[in-house]
Amino acid sequence: MSIEPGVTAATPPAQASGETVLLVEDEPAVRNAVRRYLHRLGYVVIEAENGADALAVSSAHEGKVGLVMTDVVMPSMGGGELVRRLREGRPEIKALFMSGYGGAAATTIGNLPPDAHFLQKPFAATSLASAVRAAIDGST
């Protein structure tokens, strides 16, 4: 992932409205960088390093989780299965999938729905901000 602090966009990054994001990423450096940036945008971030951990964190979190942002390919449980299982208890949760694999390959490998919100790694900070806001808002 590339979070480029010196790059400015024509429009400022989309800001949070207090939403909680469950960030699931098995690569610590990526997870930490994304968490820090989402915090700067005003999101509340709870994090997990894999699918099983994410299910436990979600279960323990009493508040609303507006978005799960998950890697597609992780050990033991991929992002597609994780989202399906999270939605058993939180049917309203939105999802944003991220992967180093291209969109079509990630959809096939991760068994993602064709209309899934997807962010290709590496990504710039502005792309991250826009993708998170679009996924939460349900826009494309």
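At 7 Å along the Cα-to-beta-carbon direction for both VAL44 and ALA124, put a label point, then send me their distance in nm to one decimal.
Once both label points are built, they end up 3.2 nm from each other.
Expected output is a single nm value to one decimal: the length gained when fully extending between ASP53 and ALA134, i.e. 0.36 nm times separation in residues minus the C-alpha distance. What is it? Write out the running numbers ahead of the final one.
Details: separation 81, 0.36 × 81 = 29.16 nm, distance 2.54 nm.
Full-extension gain reported as 26.6 nm.
Highest mean first, what order results for 63-73, 34-44 on Cβ atoms within 10 Å? Write out the running numbers ahead of the final one.
Details: 63-73: 20.6, 34-44: 17.5.
The densest-packed peptide leads the list: 63-73, 34-44.
Would you kindly calculate the translational diffusion coefficient of the range 20-137, applying Stokes-Einstein with the Kirkwood radius from alpha carbon pairs, for 37 °C and a viscosity of 0.692 mPa s, and quote it in µm² s⁻¹ without decimals?
Details: Rh = 13.9 Å.
In µm²/s, the coefficient is 237.
When the chain is fully extended, how far beyond the present Cα-Cα distance does ARG84 get from HIS61, taking 0.36 nm per residue of separation? Mind dumping the intermediate values first?
Numbers: separation 23, 0.36 × 23 = 8.28 nm, distance 1.78 nm.
Length gained between ARG84 and HIS61: 6.5 nm.
Please list, in order along the range 88-97, the HN-Hα scalar couplings obtained from phi with the Karplus expression 6.51 cos²θ - 1.76 cosθ + 1.60 (θ = phi - 60°), rounded to whole Hz, x for Gly and Pro.
Karplus values, whole Hz, x for Gly and Pro: 5, x, 9, x, 8, 5, 8, 9, 10, 9.
What's the percent breakdown of Cα-Cα distances in the range 21-62 across 10 Å bins, shortest bin first?
P(r) for the range 21-62, in whole percents per bin: 31, 54, 15.
Which whole-Hz couplings ³J(HN,Hα) result when phi for each residue of the range 63-76 is put into the Karplus expression 6.51 cos²θ - 1.76 cosθ + 1.60, θ = phi - 60°, listed in order with x for Gly and Pro?
After applying 6.51 cos²θ - 1.76 cosθ + 1.60, I find x, 6, 10, x, 8, 9, 10, 10, 5, 6, 10, 9, x, 6 Hz.
Each reported figure results from applying straightforward, stated rules to the coordinates on display, with no laboratory input. As the structure is a prediction and not an experimental result, all values here were calculated from the model. Glycine gets a Cβ as well: all are built from the backbone with ideal geometry, and neighbour counts include every protein chain shown.
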